[in-house]
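Nothing in this text is a laboratory measurement; each read-out follows from the coordinates by a stated rule. Everything quoted here is computed from the prediction, not taken from an experiment.
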């Protein structure tokens, strides 16, 4: 059974997590944890982000999905003749 989240995303925390995730290819897990802690991310969220990235609430992934959907929809514009 999959765990359900019972809280709403906290925008400042989500932004801090997203910014740190962007840095992660260039920094260690320890450094990522320090950055998130400095930015006020709760310890349990830091642990989840680092240990279970697939469980992360990713606003950037959601936005990327929405942007992809918009690109694939026809615009209704006709080619210039």
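At q = 0.20, 0.32 Å⁻¹ the log10 of I(q)/I(0) for segment 10-53 amounts to -0.50, -1.34, computed by Debye summation with a single uniform scatterer per C-alpha, solvent ignored. Each part gets one Cα centre, and for segment 9-36 versus segment 39-55 those centres are 9 Å apart.
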